[in-house]
Amino acid sequence: MGRDVWQQVLHGGRTVVLTALAATALAYLVALPVGLVSAVTHVRRLEELLMRPLDVLLAVPSLLLILLVASVFSPGAAGLALLVALVNVPDAARIVRAAAAEAAARPAVEALRMQGETWWRVAVGYVGRSALRTLAADAGVRLTGVLYLVSTAAFLGVGVAPDAADWAVMIDRNRTGLFVQPWAVVVPALLIVALTTGTNLLFDAALHRPRPAGSRAAGAARVSVPTSSASSTRKRRRP
């Protein structure tokens with residue numbers, strides 16, 4: 001009673017968005033080097049050492065693990081971001097490894113190694129760039145899942161104060177008065193759905209953005225040069 005619902009709606013998304021972005025960034029900060037090392041080094045023991053503990057963690061339901069840790073400790077917003085990042089690392093590492101393994105098996109990687117290129121140049125400069133579009137698509141889907149996970153945890157009282165200006169907390173606090181003041185519940189719920197849907201649409205639009213005409217023309221010119229040079233060579237060889 002007596003709370004400014006409109007002000008809480010305007011400020012309630014800040015915690016959700018910042019926590020989700022921080023959790024997604026932390027998850028990839030760990031998953032990227034683990035996945036790249038597993039895909040590029042081709043050392044079986046190192047791959048088992050890096051990936052098998054993550055497989056064990058992947059078998060535990062994400063929300064259950066967050067609730068178990070929250071029952072022992074009382075994480076704030078930063079702690080919730082760390083927990084959500086932790087449960088997303090195994091899946092993200094497997095995606096990175098799968099995308100990087102396909103690029104690491106190309107003949108260009110072997111040519112770079114024969115030229116004496118450094119491991120950083122091969123792993124990050126070529127393999128990482130080749131897997132960039134796949135990882136960008138996964139980042140959009142993962143951020144959506146992280147938003148739902150953060151909102152669910154906040155709805156259950158993990159990582160936020162009971163009187164915080166948070167969309168999930170607003171839904172939990174006002175659900176008993178749904179038929180008296182429905183906007184205090186409906187508006188935050190719709191904003192969470194709109195945020196996740198808009199995130200997916202934003203990443204899809206970025207991935208399907210057409211290439212500039214100049215780059216396509218340059219690519220076509222690069223492709224046509226060997227053909228013209230080869231034909232001119234054949235003409236010179238004729239008697």
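Each reported figure results from applying straightforward, stated rules to the coordinates on display, with no laboratory input. A quick note: this is a predicted structure, and the numbers were derived from the prediction, not measured. Cβ placement follows ideal geometry from the backbone for every residue including glycine, while neighbour counts extend to all protein chains displayed.
Annotations for the structure displayed:
- Sorting the segments 70-76, 58-64, 29-35 by their residues' average number of neighbouring beta-carbon atoms within 10 angstrom, most packed first, yields 29-35, 58-64, 70-76.
- Distances between placed amide hydrogens fall under 5 Å for Leu178 paired with no residue 5 or more residues away or on another chain.
- Under the Karplus curve 6.51 cos²θ - 1.76 cosθ + 1.60, θ = phi - 60°, whole-Hz ³J(HN,Hα) for segment 60-69, x wherever Gly or Pro sits: 8, x, 4, 5, 4, 5, 5, 5, 5, 5
- Extending 7 Å from Cα along the Cβ direction at Leu21 and again at Leu64 yields two label points whose distance is 3.3 nm.
- Computed from backbone phi, the HN-Hα couplings of segment 134-150 come to 4, 5, 5, 5, 5, 5, x, 5, 5, 5, 4, x, 5, 4, 5, 5, 5 Hz, rounded to whole numbers (Karplus: 6.51 cos²θ - 1.76 cosθ + 1.60, θ = phi - 60°; Gly and Pro given as x).
- Karplus 3J(HN,Hα) series, Hz, for segment 182-198 with 6.51 cos²θ - 1.76 cosθ + 1.60 (x for Gly, Pro): x, 5, 5, 10, 5, 5, x, 5, 5, 5, 5, 5, 5, 5, 5, 5, x
- The convex hull of the Cα atoms of segment 1-52, projected and averaged over all directions, covers 5.3 nm².
- Using the empirical formula 2.2 N^0.38 Å as the baseline, the Cα radius of gyration of segment 1-145 reaches a ratio of 1.30.
- Fully extended contour minus Cα-Cα distance, from Leu201 to Val180, at 0.36 nm per residue: 4.1 nm
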